[in-house]
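Everything below concerns the one structure shown next.
Just so it is clear, none of the values below were taken in a lab; they were calculated from the coordinates. Just so you know, these numbers come straight off a predicted model, no measurement behind them. Here the Cβ is made from the backbone with ideal geometry for all residues, glycine too, and neighbour counts use every protein chain on show.
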Amino acid sequence: MLAPLSSSIVLQPTSLCNLNCAYCYLPDRDKNLIMPLEVADAVARSIAAFQSRFPVSLIWHGGEPLATPIRVFETLVNAFELLRRRRLVVHELQTNATLISPAWCDLFQRYGFRIGVSVDGPPEYNTERVDWAGHGTFARTLKGVDLLRRAGIPFTAIAVIGEGNIDHPEAIYDFFCRLGCFGVGFNIEEREGVNINRPLVEGLSAGRFWRGILTAWRTNPVIRIREFERSFGYVRAVLENDERSYSQRRIDPFPTVAYNGDVVFLSPELAGLKNELYDDFKIGNVLEHSLLDMFRKALDIRYVAEFVEGVEECARVCLYYGACGGGQAVNKLYELGTMAGTETSFCRNGKIRLLDAIIDAA
């Protein structure tokens, strides 16, 4: 049930983030730990050995990527340039946008980066995104967004939805329509990493949020909603008697390569963490073993094997499995205490309530 290759790899160019968001899951975001070129070179060699017909998405994330000195970052990116020119990789980057400059925009354009901006809505609903001095960051984010727009760089957005903004779906949707992004994804706040003490969003609140977003989008469908596109695809497959293309899909190992070359599978949030059951979650290090070798031994690693068991149980008992795919490893760990669990708040708030809202509106 585990796929032999991955379609995406998360790369952590630095552990440092210039922001200190209230809900952040990263344990080392106050440390300036930068990926050496040797790690990027090793990842590039691993990808070359995939011999895949499809490009691998390299997602630069995990810290604020633009906190990496730009010359260092470009050196890391150049490690993949031959692969990019052969259309074997594409670059993606998730940023808080506060450090964007004309020089960064030039780099994004030269290497064909797909950009995602993290912002939670208008200023009154973006209050969790603060810097290390506790100051708001909204104006700085919009300044970076303006530079992207002036440079003609298309971008998407990701918003974290929690207690502070979940009751205002219409205002949030209107904000993203005006922001200039061509699409947005909504992450209902979850317990993961070092973010384990904040209250979970209630399912009824999540349901109201999705219904509000759906109503606003149907009234003014000018941007893409990531969750709607995924759910509409599933509903379409069911109506066309092709539900098996969703219910029988294999689990992507989804590796994250930390700044030092350590690799975790399934959830980027596991990088740098330790747990009594699963130790440090490391599958290996790219300076010592190829990603292909790690894929081959993945099911010998306890947390990976137990996650697969849990997904298989989801497929057996959950009516929403085709739409959900079995949930996220890190949520199962922090909510249920085991990777082998089934339903979590991620499933209820991000999948079940979403699909219910779509079906109710049909």
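Quick check for me: using +1 on Lys/Arg Cβ and -1 on Asp/Glu Cβ, what's the dipole size of the chain about its Cα centre, in debye to the nearest 20?
Charge dipole of the chain: 1180 debye, to the nearest 20.
Shape verdict for the stretch 8-247, please, from the Cα gyration tensor: rounded (a/c under 1.5), prolate (a/b greater than b/c) or oblate.
oblate
Would you give the gap between the C-alpha center of the stretch 73-95 and the C-alpha center of the stretch 201-256, rounded to a whole Å?
With the stretch 73-95 and the stretch 201-256 each reduced to a Cα centre, they are spaced 29 Å.
So, in Å, what gap is there between the alpha-carbon centers of the stretch 121-148 and the stretch 1-50?
Centre-to-centre (Cα) distance: 24 Å.
Please label the shape of the stretch 187-327 as rounded, prolate or oblate, based on the square roots a ≥ b ≥ c of the eigenvalues of the alpha-carbon gyration tensor (a/c under 1.5 means rounded; beyond that, a/b larger than b/c means prolate, else oblate).
prolate
Simple spin-label model, 7 Å along Cα-to-Cβ: residue 103 to residue 239 in nm?
5.1 nm
Over the stretch 244-336, what is the relative contact order in whole percent, taking alpha-carbon pairs under 8 Å and six or more residues apart?
27 percent
By how many nm would the segment from residue 143 to residue 312 lengthen if fully extended, with 0.36 nm per residue of separation less the alpha-carbon distance?
56.3 nm
Let me have the 222 nm mean residue ellipticity of the chain computed from DSSP H runs of 4+ only, each contributing -39500 (n - 2.57), with the sum over all residues rounded to the nearest 500.
Theoretical 222 nm ellipticity from helices: -11000 deg cm²/dmol.
Under the definition of Cα pairs under 8 Å and six or more residues apart, what whole-number percent is the relative contact order of the chain?
Once divided by the residue count of the chain, the mean separation gives 20 percent.
Test of understanding: what is the full-extension gain from residue 336 to residue 319, defined as 0.36 nm times their sequence separation minus their Cα-Cα distance?
Extra length from residue 336 to residue 319 when fully extended: 4.1 nm.
Subtract the Cα-Cα distance of residue 167 and residue 250 from 0.36 nm times their separation in residues, and report this length gain in nm to one decimal.
26.3 nm
Highest mean first, what order results for 25-32, 37-44 on Cβ atoms within 10 Å?
37-44, 25-32
Counting only the backbone N, which residues of the stretch 215-246 are under 18 Å from the spot 7 Å out from the Cα of residue 177 toward its beta-carbon?
Once the point is set 7 Å along Cα→Cβ of residue 177, 215-229 turn out to lie under 18 Å by backbone N, inside the stretch 215-246.
Once amide H atoms are placed 1.01 Å from N in the peptide plane, what residues at a sequence separation of 5 or more from residue 283, or on another chain, have their amide H within under 5 Å of its amide H?
263, 264, 265
For the stretch 160-177 and the stretch 303-335, what is the separation of their Cα centres, given in Å?
Cα centroid of the stretch 160-177 versus Cα centroid of the stretch 303-335: 28 Å apart.
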